[in-house]
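Supplied in structure tokens, the structure appears directly below.
The values are calculated or read from the model by the stated rules, or taken from the named source; none is laboratory data. Quick caveat, the model's predicted, so the values are computed rather than measured. In this analysis, Cβ positions are derived from the backbone assuming ideal geometry, glycine residues included, and neighbour counts consider all displayed protein chains. Only protein heavy atoms, including side chains, enter the accessible area calculation; ligands, DNA and RNA are left aside. Shrake-Rupley method; radii C 1.70, N 1.55, O 1.52, S 1.80 Å.
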Amino acid sequence: MDGTVAMKIIGPWFIKELNELKIPGLHYDVTPIPAVDSSASGNSFAFADLRSIAIFSTTRHPDAAARFVAYLTSPAADRLLIDEASQLPYRRGLASDPRFTVVLAKWPTLSTYAKYVERSRDIDLDPDVVEIFDLLSEAYEESAIYQTASVRDALKKAAREARNIVNAR
């Protein structure tokens, strides 16, 4: 808002926030994060925070729950998710699916994000990812919030501990 950000690593959820801020003269676009020189852009992936839906076997309303899940995974619910929240469902061919053309056009640059939905992977691909993210959070707190260690030292410590976790398997 103060005109100082030239680049920001964000996701489609931020488009709604930018729209709500209504910053005069703000022009922006989105692009995938560059990969290393030896990687073709078709071989790179973004992370997603994918969610699952479950119906407990003890539910007193299994048919209603099944209908609700069917709705949540329907094109109608997908359109509503895009329209109301600028969030993208994880669907093959989302960017080219004619059922979503109009609603994707509502949000500037959202169709660009939609092209990369299929190139997303969940962050929970590794059983140790939560523990490793906790280490990074602790390193951030230690260096940036409590200022009890330099950023370099805090990250070195987190990296060492993360290697120990991975190598313990």
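Could you figure out which of (1) open to solvent by 40 Å² or more (accessible area, probe 1.4 Å); (2) within 21 Å of A46 (Cβ to Cβ) isn't true of T112?
(1)
All but one of (1) aromatic (F, W, Y); (2) open to solvent by 80 Å² or more (accessible area, probe 1.4 Å); (3) in contact with a helix residue (DSSP H, G or I) (Cβ under 9 Å, 6 or more places away or on another chain) hold for W107; state the number of the condition that does not hold.
Only one criterion in (1) aromatic (F, W, Y); (2) open to solvent by 80 Å² or more (accessible area, probe 1.4 Å); (3) in contact with a helix residue (DSSP H, G or I) (Cβ under 9 Å, 6 or more places away or on another chain) is unmet by W107, namely (2).
To keep it simple, each residue is scored yes or no on (1) within 20 Å of S111 (Cα to Cα); (2) polar (S, T, N, Q); (3) at pLDDT below 80; (4) exposed (fewer than 13 other Cβ atoms within 10 Å of the Cβ).
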position: M1; (1), (2), (3), (4): no, no, yes, yes
position: S38; (1), (2), (3), (4): no, yes, yes, yes
position: F56; (1), (2), (3), (4): no, no, no, yes
position: T59; (1), (2), (3), (4): no, yes, no, yes
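Counting only residues that are in contact with an Asp or Glu (Cβ under 8 Å, 6 or more places away or on another chain) and open to solvent by 90 Å² or more (accessible area, probe 1.4 Å), how many does region 131-168 have?
1
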